[in-house]
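The values are calculated or read from the model by the stated rules, or taken from the named source; none is laboratory data. Being a predicted model, the structure only gives us computed values, none of them experimental. Don't worry about glycine lacking a Cβ; one is built from the backbone with ideal geometry, like all the others, and counts go over all protein chains shown. Protein only, heavy atoms only, side chains kept; ligands, DNA and RNA dropped before computing areas. Shrake-Rupley method; radii C 1.70, N 1.55, O 1.52, S 1.80 Å.
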Amino acid sequence: MILVTGGAGYIGSHFVLSVLGKGENVVVFDSLETGHIETIETLKKYGNLKFIHGNLKNLDEIRGVFLVNKAIKAVVHFAAYSQVAESMKNPQKYYYNNVYGTLNLLNAMLEFGVKKLVFSSTAAVYGEPEYTPIDEKHPQNPINPYGNSKLMIERILDDYDKAYGLKSVRLRYFNAAGADSKARIGEWHEPETHLIPNILKAEKDKSFKMFGTDYDTKDGTCVRDYINVEDLTEAHIKALKYLMEGGTTSCFNLGTSNGSSVKEVFKVCEEIKGESIPVEVLPRRNGDPAILVADNKKALELLDWKPEKDLKDSIRTAYNWEKVNKH
Ligand code: UFG
């Protein structure tokens, strides 16, 4: 049995769907602040899923999960607030939820002797890139509280391994993209801040806002590494296997190692929608580095993982999901 925190959210729900399909028993613990009960209802159709509504900030609630589910052998921890801009306005919310919430989870894991954890980290732990593509040895200097909160947890996990033997894999996502290939679930944030859903949602009276065309990049717009959410899911499954087979505490970048600019993404969205999308160019958004691309060699070698899907696949599935979710 696996415990998945944040299993009602975007990346967590795709992971749950995939492991349910492999016959695994799953307990999802989610506060539903940013995740959706509708997603849980959908997931329940595809396997043995137990849903527990609770908040990691409450130690008793997460202890209770382990108390009644003694078969939990590992935890995959997605639950977190993840909006960079919001974290700058309200750091307390981020440190309290992400760091304190994780401390409670770790506390409960240790009490019940569960010592394997896959943790959702982020490219934001690196901060402004000093070189690109970014490998795992790149200096870690986050430039916002969101990235800081994730880096703090990574450091806590190092210490918990040394002191208590808790083994963890931190997966540093670059830009997660796309949806379930059968459009059963997909990206659903309120408000939506991410590039691909925002382009796809644009309409005649609600144009897509392109933030900055004066960056020092191939076409003046920011370059990102869009990694398909089903490929991300697969990496979590491989990371769990790695831990179960005695793998040591480690971190891995999850990206494709290919960069796409905002204008390139926009063009593929137009192709897939089969129509021109209204766009408005605005000044740069605060805190956006020009280029963020992963060096993914470590995950390829040690996790035996390889991204199978490209940007077009991600945009196609995101669009199919958008049509379903709109209704
Ligand atoms: N963008 C637009 N218009 C929009 C939304 C985004 O032009 O409506 C641009 C952004 O300015 C940026 C690019 O599209 O240049 C990608 O933006 P996203 O918001 O989709 O993604 P980010 O790269 O900002 O954020 C991602 C993750 C974060 C993580 C961060 C690390 O979503 O969780 O990478 O830097 F913290």
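Worth pointing out:
- Dipole magnitude (debye, nearest 20) for the chain, charges at Cβ of Lys, Arg, Asp, Glu: 700 debye
- Antiparallel beta bridges, as assigned by DSSP with both residues in the chain, represent about 5 percent of the total such bridges.
- Once the 1.4 Å probe is applied to the protein heavy atoms, the chain comes out at 44 Å² accessible per residue.
- Counting every alpha-carbon pair across the stretch 49-192, the share separated by more than 22 Å comes to 46%.
- P(r), alpha carbons of the stretch 260-327 - 5 Å bins starting at zero, rounded %: 3, 12, 16, 18, 18, 17, 10, 5, 2
- Packing, as the average of other Cβ atoms within 10 Å across residues, places the peptides 23-33, 141-151, 167-177 in the order 167-177, 141-151, 23-33, highest first.
- Residue-level accessible surface for Tyr164, protein heavy atoms, 1.4 Å, Å²: 110 Å²
- Alpha carbon convex hull of the stretch 35-125, volume per residue in cubic angstrom: 121 Å³
- Solvent-accessible area, 1.4 Å probe, carbon plus sulfur percent, for the chain: 50 percent
- Ligands, DNA and RNA aside, Met88 has an accessible area near 100 Å² when probed at 1.4 Å.
- Pairs exceeding a 18 Å alpha-carbon distance, out of Lys45/Lys115; Lys22/Lys326; Lys182/Lys326; Lys22/Lys167: Lys45/Lys115; Lys22/Lys326; Lys22/Lys167.
- Inter-centroid distance (Cα atoms) of the stretch 211-250 relative to the stretch 93-118, Å: 23 Å
- Rounded tilt (10° steps) of 262-273 against the dominant C-alpha axis of the chain: 90 degrees
- Across the chain, the volume of the C-alpha convex hull divided among the residues equals 125 Å³ per residue.
- Over 30 Å between alpha carbons, listed pairs Lys89/Lys263; Lys44/Lys263; Lys201/Lys297; Lys93/Lys209: Lys44/Lys263; Lys201/Lys297
- The angle between the Cα long axis of helix 10-21 and the longest principal axis of the Cα atoms of the chain comes to about 60 degrees, rounded to the nearest 10.
- Restricting the stretch 259-327 to GluC sites (Glu not before Pro) in coil, as DSSP defines it, with at most 12 other Cβ within 10 Å: Glu275, Glu308
- Candidates per trypsin sites (Lys or Arg not before Pro) in the stretch 200-303, loop by DSSP, up to 14 other Cβ within 10 Å: Lys204, Lys218, Arg284, Arg285
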